[in-house]
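The structure under discussion appears below in the form of structure tokens.
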Amino acid sequence: MDVEPVATDVASASTSERRERSGLVGLLSDYLTLTKPPIISLLLVTAIGGMFLASRHMGGSGIPDLLTMLLVCVGGSLGAGGANAINHYMDQDIDSLMSRTAKRPVPGHRVRPLAALAFGIGLNVAAFAVLAYWVNLLAAGLTLAATLFYVLVYTGWLKRSTPHNIVIGGAAGSIPPVVGWVAVAGTFDLPALYLFTIIFFWTPPHFWALSLLIQGDYERAGIPMLPVVAGTEKTVGSIFVYSLVLVALTLVFAATGAVGLLYLGAAAFLGTAFVWAAWRLRQDISRRKARNLYLYSLLYLALLFGAMMADGVYRWWV
Ligand SMILES: CC(C)=CCC/C(C)=C/CC/C(C)=C/COP(=O)(O)OP(=O)(O)O
């Protein structure tokens, strides 16, 4: 497969253009870029999904209290945004070697490394304060744990040392629905573990599809992502196996009774398309198929959690 890196960090590229146009707007835009807003949006969808599910589990309408939702979104955005800013600081050397990330604010010399670090730490302190004071200590502690796992275990260690980096590191991104759940339920329960596990198994196929598209970048930076270390055939095989486990998990979840038929139908439909996309990539290892799976995986997660929310409200309503 042609592995020439074509993906560019669109957010950073446009940031650099804006920065040239206007000093203050550009600076604010760079700091916003440090938080990786598209990733935050997806994490919030999963956190809100956890809140809807917990609300239904507690015998409520399935629609969580709006203020709690807002506070979780604010606290979660600060926590995840802070973790991402620290990631920018820690990865500045390798980011400067990859075309997708070379124009980011730190390697692009528009934000000083220590300023990015201080910004990231500051956001995490604010996240902890918001969640601990207005939501609960468990939600605050879990968010902090996600940040520490992401920056210390994934960014500082696994990312540069093992092809299993994204498998284990994905645990950080699997915590937001659990934060949403405990924000509403106050305690940890089995459905929250399911949500965690679903995202845990979603992350590798999603990230490996991206890794296939930017394999050249990872090779240049010496990052042992699976395609670099094990080759494209092994990677698409692993993507397929993880996709099967992911979809099986989403279906078994319905058997627990935490979700209903509306969710089950959506999980079956969306999951079939996921496995189909992974199978097609396995049959024809091309950039187009890898990009299809990568983009679909984003849509899949948002729609799966959307179905979960709609399902709870529907069951309360009928
Ligand atoms: C508080 C909280 C919920 C934090 C979650 C942190 C988070 C965004 C986890 C996502 C999982 C992950 C390993 C992403 C890859 O980062 P990367 O450094 O490989 O990505 P990059 O190459 O784009 O920088």
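Computed with the Debye formula from one identical point scatterer per Cα of region 97-178, without solvent, the log10 of I(q)/I(0) at q = 0.11, 0.12, 0.20 Å⁻¹ comes to -0.38, -0.46, -1.04. For the chain, the mean residue ellipticity at 222 nm estimated from helices alone is -24500 deg cm²/dmol, where every DSSP H run of n ≥ 4 contributes -39500 (n - 2.57) and the total is divided by all residues, rounded to the nearest 500. On alpha-carbon atoms, Rg over Rh for region 33-75 using Kirkwood Rh? Taking Rh as the inverse mean 1/r over Cα pairs, Rg/Rh reads 1.07. Applying the Kirkwood pairwise sum to the alpha-carbon positions of region 175-241 produces a hydrodynamic radius of 13.6 angstrom.
Of all complete DSSP H helices in the chain, those with a Cα span along the helix axis of 18 Å or greater and a mean Kyte-Doolittle hydropathy of 0.0 or more are 37-57, 66-90, 113-130, 190-213, 232-255, 261-283, 287-317. Percent of Cα-Cα pairs more than 21 Å apart in region 41-180, please. Of all Cα-Cα pairs in region 41-180, 46 percent lie more than 21 Å apart. On the principal axes of its alpha-carbon atoms, the chain has extents of 54, 49, 34 Å, going from largest to smallest.
Quick note: the coordinates plus some simple rules give every number you see, no bench work behind them. None of these values were measured; they are calculated from a predicted model.
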